[in-house]
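The values are calculated or read from the model by the stated rules, or taken from the named source; none is laboratory data. Predicted model, so just to flag it, every value in this text is computed and none were measured. Cβ coordinates were reconstructed from backbone atoms using ideal geometry, including for glycine residues, and neighbour counts include every protein chain displayed. Keep in mind that these areas ignore ligands, DNA and RNA; they rest on the heavy atoms of the full protein, side chains included. Shrake-Rupley method; radii C 1.70, N 1.55, O 1.52, S 1.80 Å.
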Amino acid sequence: MYFLSEAERMLQTAVRDFARQEIAPIAARIDHTDEFPGELIRKMGELGWMGVLVPREYGGGDGGAMAFVLFVEEIARASASVSVTVSAHSGLTCWPIKTFGTEAQKQRYLPALAQGRMLGAYSLTEPNAGSDAAGIESKAVRDGDDYVLNGRKLFVSNGSVADVVIVFASTDRAARARGISAFLVERGATGFTAGRPLRKLGMHGSPTAELVLEDVRVPVTNRLGEEGQGFRIAMQVLELARILVGAQSTGIAQAALDAALGYAVQREQFGKPIAEFQAVAWMLADMQVGIHASRLMTYEAARLYDAGSPTTMAASSAKLFGSETAMMATGRAIQIHGGYGYIEDFPVERLMRDAKITEIYDGTSEIQRLVIARELLKTVRD
Ligand SMILES: Cc1cc2nc3c(=O)[nH]c(=O)nc-3n(C[C@H](O)[C@H](O)[C@H](O)COP(=O)(O)OP(=O)(O)OC[C@H]3O[C@@H](n4cnc5c(N)ncnc54)[C@H](O)[C@@H]3O)c2cc1C
């Protein structure tokens with residue numbers, strides 16, 4: 001793409017080659033078995049792919065949002081579920097530790113996370129608090145040099161396989177959002193347990209788990225940011241996460257177009273390739289335009305993010321448009337495949353199942369529309 005720097009183009013090519021060789025061939029197997037691809041993640045750690053967002057001094061690739069967007073898009077094009085694992089690890093864990101962590105926290109976690117020796121997760125959602133994240137009920141009570149955490153967290157990507165989880169809990173419930181704090185909780189902490197991965201429509205192989213906290217003692221030194229700063233951290237992380245969902249959706253939609261295009265030129269009916277029927281060609285054209293727009297919106301949001309400019313509107317727009325485009329493109333890809341699109345031997349039904357969650361997590365489409373409308377109204381009122 002014309003406005004990528006030389007370094008960005010090189011990164012894109014390197015990830016694309018890696019994803020084609022190492023991830024795409026096992027994507028269907030990951031989907032069928034629903035097993036976490038631990039060996040692949042270990043290999044990605046050795047190659048430095050788990051530390052794209054980690055600063056160089058902690059052994060990472062020193063990339064920003066733009067670099068990571070290129071990375072996530074290519075991984076998602078090969079396997080959407082692997083892109084969830086790396087996004088939750090890098091975007092939702094490495095990035096907040098790098099941004100809000102103390103020097104001791106960075107030293108302890110970032111090198112290990114960058115090399116894939118540790119896997120990260122981010123745990124905000126609870127059974128009674130999804131879209132209304134400020135309503136979380138998990139509690140953290142200060143006791144000497146520790147906090148004691150109690151509660152239940154839900155839908156945690158990487159939750160059952162993570163070594164360190166950023167857990168959000170309330171230190172002052174009456175203060176709602178202002179009373180939330182963030183904690184780095186390590187696997188193996190007494191009272192900290194993960195449930196079995198939940199069975200899902202798609203994104204198989206990306207374990208989504210419930211976490212239970214029963215009198216878990218977390219040292220004060222493992223609080224991320226100040227007491228009461230947790231919600232602000234959570235929202236800043238979500239802004240990056242929404243851009244990453246834009247990238248993920250673009251990758252899924254592109255994979256759908258790749259498959260549909262390949263099929264449409266090869267499948268013949270009425271004596272000619274179905275691509276020559278205008279109805280099919282127009283579906284391909286609509287997919288192409290949607291994907292291009294979704295990619296541009298995502299790249300723009302990433303550029304703004306790296307420049308330190310406000311990204312609320314751009315991030316929500318990229319996520320909303322990208323995820324709806326992914327649903328449109330995967331649906332059309334199935335349509336173009338006819339009956340074959342509906343069976344598991346072809347990749348497009350998996351792509352559609354994987355695409356659906358992009359309209360739900362990191363803020364549903366309804367929440368994105370709320371955010372965009374709120375930002376829009378500000379421009380009239382200010
Ligand atoms: C596979 C998967 C992975 C996930 N990974 C993570 C993770 O790693 N970490 C994490 O913390 N969370 C994670 N989540 C949770 C996810 O972010 C939430 O599911 C999502 O934010 C929606 O919350 P909810 O499911 O409670 O739905 P609800 O908030 O109950 O929403 C239900 C419906 O009501 C609508 N709605 C709610 N409020 C409003 C409103 N004000 N206006 C209009 N409509 C509204 C919603 O749009 C939706 O259609 C994950 C979820 C899944 C399924």
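Name the residues in segment 283-324 that are open to solvent by 10 Å² or more (accessible area, probe 1.4 Å), hydroxyl-bearing (Ser, Thr, Tyr) and in a helix (DSSP H, G or I), would you?
Within segment 283-324, Tyr305, Thr312, Ser317 meet the criteria.
Checking Ile274 against (1) in contact (Cβ under 8 Å) with a residue 24 or more places away in the chain; (2) more than 21 Å from Ser249 (Cα to Cα); (3) of a type in the set (A, V, I, L, M); (4) open to solvent by 20 Å² or more (accessible area, probe 1.4 Å), which single condition isn't satisfied?
(4)
Just to be sure I understand, how many residues within segment 31-60 are under 21 Å from His204 (Cα atoms), open to solvent by 30 Å² or more (accessible area, probe 1.4 Å) and not hydrophobic (A, V, I, L, M, F, W, C)?
Adding up the residues that qualify gives 8.
Listed residues Ser90, Ser79; which is under 10 Å from the mean Cα position of the chain (by Cα), within 16 Å of the ligand (Cβ to nearest atom) and either of a type outside the set (Gly, Ala, Ser) or buried (at least 24 other Cβ atoms within 10 Å of the Cβ) (or both)?
Sole residue among the options that is under 10 Å from the mean Cα position of the chain (by Cα), within 16 Å of the ligand (Cβ to nearest atom) and either of a type outside the set (Gly, Ala, Ser) or buried (at least 24 other Cβ atoms within 10 Å of the Cβ) (or both): Ser90.
Scan segment 333-347 and tell me whether some residue there is within 16 Å of the ligand (Cβ to nearest atom), among the polar types (S, T, N, Q), out of contact with any strand residue (DSSP E or B) (no Cβ under 6 Å at 6 or more places or on another chain) and not in a loop (DSSP other than H, G, I, E, B).
no
A quick yes/no check of all residues on (1) open to solvent by 40 Å² or more (accessible area, probe 1.4 Å); (2) under 20 Å from Met203 (Cβ atoms); (3) not in a helix (DSSP H, G or I):
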| position | (1), (2), (3) |
| --- | --- |
| Ala329 | no, yes, no |
| Met352 | yes, yes, no |
| Asp362 | no, yes, yes |
| Glu366 | yes, no, no |
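Conditions (1) of a type outside the set (A, V, I, L, M, F, W, C); (2) assigned by TED's automatic domain parsing to the domain that holds Lys200; (3) on the phi > 0 side of the Ramachandran plot, marked per residue:
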| site | (1), (2), (3) |
| --- | --- |
| Arg29 | yes, no, no |
| Gly48 | yes, no, yes |
| Glu57 | yes, no, no |
| Ala76 | no, no, no |
